[in-house]
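The values are calculated or read from the model by the stated rules, or taken from the named source; none is laboratory data. The structure presented is a predicted model; accordingly, all values stated were derived computationally and were not measured. Because the Cβ atoms are built from the backbone with ideal geometry, glycine has one as well, and the counts that use them run over all protein chains shown.
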Amino acid sequence: MHNPRAEIERKDEFRPTYVERGVTIWANATIVCGNRLGAYSLIGAGAVVTKDVRSHAVMAGNPAKQIGWVSHAGEKLGDDLVCPREKRNYIIVQRSSPQSGFLCLMRSLLPAKQGTNMCPASLEAGYASST
């Protein structure tokens with residue numbers, strides 16, 4: 001539903017909002033219905049989310065815009081895309097357009113399956129964000 005009204009019964013028009021694993025939503029954030037919040041994304045206080053959010057994205061503002069990346073541990077990632085707490089390496093995997101990149105964990109520093117990528121479930125399922 002794009003234009004909800006209190007006096008008009010339109011519950012059959014509600015659109016689903018998907019919140020994937022590990023998402024953090026700070027106080028007074030507004031998520032417009034029908035959007036998807038990617039795994040481990042962080043929505044800043046007071047942000048107004050009007051579009052799908054990429055996995056591991058940090059979103060802030062009205063309307064919300066991506067201002068950075070965050071790790072599984074909730075640490076802000078710098079330009080090197082290395083988590084300062086867990087020392088995990090991340091890479092940006094581009095999809096159909098430069099605006100639809102996803103952040104994926106590089107497992108090269110982890111003991112199992114060295115050199116392989118571990119992307120969020122949303123990417124493995126072929127979900128491409130429209131943001």
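Let's see how each residue does on (1) without any contact (Cβ under 8 Å) to a residue 24 or more places away in the chain; (2) surrounded by 13 or more Cβ atoms within 10 Å (Cβ to Cβ); (3) among the aliphatic types (A, V, I, L, M); (4) part of a loop (DSSP other than H, G, I, E, B):
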residue	(1), (2), (3), (4)
22	no, yes, no, yes
27	yes, no, yes, yes
51	no, yes, no, yes
63	yes, no, no, yes
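Looking only at residues in the stretch 70-102 that are touching a Ser or Thr at 6+ places or on another chain (Cβ under 9 Å) and assigned to a helix (DSSP H, G or I), the one that is modelled with the highest pLDDT is 100. Here residue 28 qualifies as modelled with pLDDT of 90 or more, out of contact with any Phe, Trp or Tyr (no Cβ under 6 Å at 6 or more places or on another chain) and not charged (D, E, K, R). Restricted to the stretch 30-43, and to residues there that are buried (at least 18 other Cβ atoms within 10 Å of the Cβ) and assigned to a loop (DSSP other than H, G, I, E, B), the residue that is farthest from the chain's Cα centre (by Cα) is 35.
Residues that are among the aromatic types (Phe, Trp, Tyr) and over 29 Å from residue 84 (Cα atoms): does the stretch 36-51 have at least one? The answer is no; no qualifying residue exists.
A single member of 12, 79 is out of contact with any Asp or Glu (no Cβ under 7 Å at 6 or more places or on another chain), surrounded by fewer than 13 Cβ atoms within 10 Å (Cβ to Cβ) and within 16 Å of residue 91 (Cα to Cα), and it is 79.
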